[in-house]
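What follows is calculated from the coordinates using simple rules that are stated; it is not laboratory data. Every value quoted in this text rests on a predicted model; they were computed, and no experiment measured them. Backbone-built Cβ (ideal geometry, glycine too); neighbour counts: all protein chains shown.
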C-alpha cells in the first residue's frame, strides 16, 4: 500500500473554461450588463479624453505649423528710460541684413483717427488705430485678403486705406465696392481692401493701414517703425532672437523687446494638456468605482451560487477550476465593459472632432491601454470572490439549501 | 496497469475489492463541546449492491454520505473507494476521484438554470476532459436510461420535480461511476413521484450499478435489498434480505 495510487487528474478544456465562466452571465444578464456599465464609463472617458485631446492638440499644432513658429516681433520696450523709447529709423535695414532673417516688414503708428463719417464725435475711435504699412506685411505675417486688394492699395501715392478684419467690422464695412470711404485724419479716404484676421498679430486686426508714402505726404507720417515683423530661418529662431536687440539698437539694446507670438499658442496647447489630466483622473476614478461594482456583483454571485459550486466540486472540479471559473466571469464582465467603453470613446471622439472640424485621432495606445486597464480591473475585482468560491469546502457549499 | 474501462484507474485495487469500504470512521465537528457526528462506523459496500441508509435526523446520515463521497474527510479512519485509500490523496486528486468514480444525486437537484436538460447532464463529464460532442451523445444515452429521452431540450424551469431529479440522476451516471450516492433523492417529491425515482434507481441497480441511498422514508428503505440504520453516529443494524 506504499505505492501511491495514480488518479488521472480532472481536466477542464479551454472551451469549457469559457462555458463555465459564462454560465453565470447568461442567467443574470441584466446584472451583468449593469455591472459592466461602470467600467464602460471609465474606459469611455479615458479613451474619449485622450482621443479628443490628441485631436484638438493636432489641430492646434497644425495651426502653429501653418502660421510658423519662426515669426518674431520687435518693439520698443516700455517703461525703461524716459518713456520716449522708440526704435531707430535704420532698424529695418539693420534687421534685414542679419543672415538668418528671411522677411522683414515694419509698421509705424500714425497720430490720426478713423471714423465711419465726419459726423462721429472726435475721440470715438472704437479702438481702431491708424498705421502706415508696406506691401510686404501680408507675406511676412501669412495674412490673407478678404476683399479688394492689399499691395496695390498701399503702393498708391494718394491715400487709400486697407482695414483689418475687426476694424472693418467695427466700422460696419463688409465690401469694397467703389465709393466706400471712411473719415480718416480730417478727410475722406477710399477703402480698397479688407483683410482676414491675422493669427499671430491680433492688434493689426484693429488697424486701418495706409501706404508709407501716402502717410508721409498726407498725415505727417515718419519712418520710425513701431513694430517690426521678422520671419527667421526656422532652425535659428532663438539665436536670432538673442541678437536682434543689439542689431536694432546697438546703443540701447535693453530698450528693444523681441517677442515670439507662437509661444502663446503653444502655451494654450500646454494648458489644454493640463486640463486633460483632470479629466483623466475623473476617468480613472470611474474605472475604480466600476471595478468595485464588479467585485460587489461577483461576491453576491458567489454567495448565491454556493449550490452550483458544491455541485461542480462533486462532479470533479478542483479548487483551481472554481477559481478559474469566477476569474473568467469577472474578466469577461470587465472586458465587455472595456470593449463597450472603447467603442463609446471612439464614437464620442469622432463625433466631437468631426463637429469641430478637427482631424479625428484615436491614439492606439489609449485603446490598448483602455482594454488592458479593463482586464486588469477584472482580475483585481475577481480575485477575492474567486478565492472565496474556491476556498469553500464542498460540504459547506452543498449545505446552502 | 491501467484498466481501460471507464478511465478510472484501479492502481492497487484487487479485482474483488469492494466498491466502498469505511474503516472505523470517526467524524467530529469543532465546537463547545465538539460534536461527534460519526462514532466508529465501519461499512463495506460490494460492487452491485444497493444499500439504504436510514436514521432519524441528526443521526449522521448526511455526514456519512459526504464522507463516503470524499466531499469531506473523516477525523480518523479510512475510506477506500474501489480499493483506493482516499486518506493519502490531495484535494485535487479527491476532486478527480469524485469526477471519475462517484456520482451524486442531491435532494435539491442542483440543475443549472439557463441550460437545457441535455446540457446539464453533459456537465457531468465537464471536468473529465471529454469533448463537447461526445459529452452530448453520452448525455442523450443517460437521459434515455432514466426515461427522459423526450425532454432533452427543456430548461430546468420547464421540468417537474420528478423530471428534474431524473435529469440529476442522468448527470450522476453519465460517466458510469463505480458508486452512485443519493442523498434524500425523494425528499422534495410527493410519494407517487418518489416511487418513480426509486424505480429508476432500482433499474440502474438491476443493470449492475452500485448504489447507496440515504433516506428517512422507512417504506423506501424496506423496499431495498440492504438496510443500514444509523443512530447517534453509530451503525445500529445492518440487514440484508434475501433476493426476490
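Taking all Cα-Cα distances within the stretch A:222-334, those exceeding 19 Å account for 71%. Cβ crowding within 10 Å ranks A:18, B:125 as A:18, B:125, fewest other Cβ atoms first. Here the stretch A:1-157 yields Rg over Rh of 1.46, to two decimals, using C-alpha coordinates and the Kirkwood radius. Dividing the convex hull volume of the alpha carbon atoms of chain B by its residue count gives 137 Å³ per residue. What is the angle, in °, between the Cα long axis of helix A:14-27 and the longest principal axis of the Cα atoms in chain A? Nearest 10 is fine, range 0 to 90. Taking the Cα atoms of chain A, the angle to A:14-27 is about 80 degrees. Across peptide B:81-92, the average count of Cβ atoms from other chains found within 10 Å of a residue's Cβ is 3. Its Kirkwood hydrodynamic radius, worked out from the mean inverse distance over all distinct Cα pairs, puts the stretch B:171-244 at 13.3 Å. Give the angle, between 0 and 90 degrees and rounded to the nearest 10, that separates the Cα long axis of helix B:161-173 from the longest principal axis of the Cα atoms of chain B. Result, in degrees: 80.
Per the Cα gyration tensor, the stretch A:226-271 maps to an equivalent ellipsoid with semi-axes of 23, 13, 9 Å, ordered largest to smallest. Each stretch of four or more DSSP H residues adds -39500 (n - 2.57); spread over every residue of the protein assembly as shown, this sum gives -14500 deg cm²/dmol at 222 nm.
Shown is the FRET efficiency for residue A:158 and residue A:289, computed with R0 = 51 Å from the Cβ-Cβ distance and rounded to the nearest 0.05: 0.10.
Multiplying the residue separation of residue B:223 and residue B:191 by 0.36 nm and subtracting their alpha-carbon distance yields 10.1 nm.
Of the two radii for the stretch B:66-158, the radius of gyration is 1.04 times the Kirkwood radius, both from the alpha carbons; that is the Rg over Rh value. A crude spin-label estimate for the pair residue B:36 and residue A:254, with each label 7 Å from Cα along the Cβ direction, gives 10.5 nm. Stick to Cα atoms and the Kirkwood definition of Rh, then tell me Rg/Rh for the protein assembly as shown. Over the Cα atoms of the protein assembly as shown, Rg/Rh equals 1.39. Using only Cα coordinates, the Kirkwood hydrodynamic radius of the stretch B:147-203 works out to 11.9 Å.
By the Stokes-Einstein formula, at 1.002 mPa s and 20 °C, the stretch A:20-111 with its Kirkwood radius over alpha-carbon pairs has D equal to 107 µm²/s.
With a 10 Å cut-off around each Cβ of B:113-126, the average count of Cβ atoms from other chains is 3.
Over the stretch A:205-320, Cα pairs under 8 Å with separation of 6+ residues give a relative contact order of 8 percent.
D by Stokes-Einstein for the stretch A:114-251, Kirkwood Rh over Cα pairs, 25 °C, 0.890 mPa s: 155 µm²/s. Taking 7 Å steps out from each Cα toward its Cβ at residue A:26 and residue B:202 produces label points 3.7 nm apart. Applying 1/(1 + (r/R0)^6) with R0 = 30 Å to the Cβ-Cβ distance of residue A:4 and residue A:383 gives a FRET efficiency near 0.35.
Roughly what % of Cα-Cα distances in the stretch A:101-161 sit above 18 Å, to the whole percent? Here the tail beyond 18 Å accounts for 48 percent of pairs. Spacing of the modelled spin labels on residue A:343 and residue B:24, each 7 Å from Cα toward Cβ, amounts to 6.6 nm. To the nearest 10 degrees, how steep is helix B:191-206 against the longest Cα principal axis of chain B, on a 0 to 90 scale? The angle comes out at about 80 degrees. Ranked by the mean number of other Cβ atoms within 10 Å of their residues, highest first, the peptides B:136-149, A:179-192 come out as B:136-149, A:179-192.
Which residues in the stretch B:201-244 place their backbone N less than 19 Å from a point set 7 Å from the Cα of residue B:76 along the Cα-to-Cβ direction? Residues B:233-235 qualify, since their backbone N sits under 19 Å from the label point. Relative contact order, whole percent, for chain A stands at 30, derived from Cα pairs under 8 Å and 6 or more residues apart.
Sorting B:224, A:336, A:398 from the fewest to the most surrounding beta carbons within 10 angstrom yields A:336, B:224, A:398.
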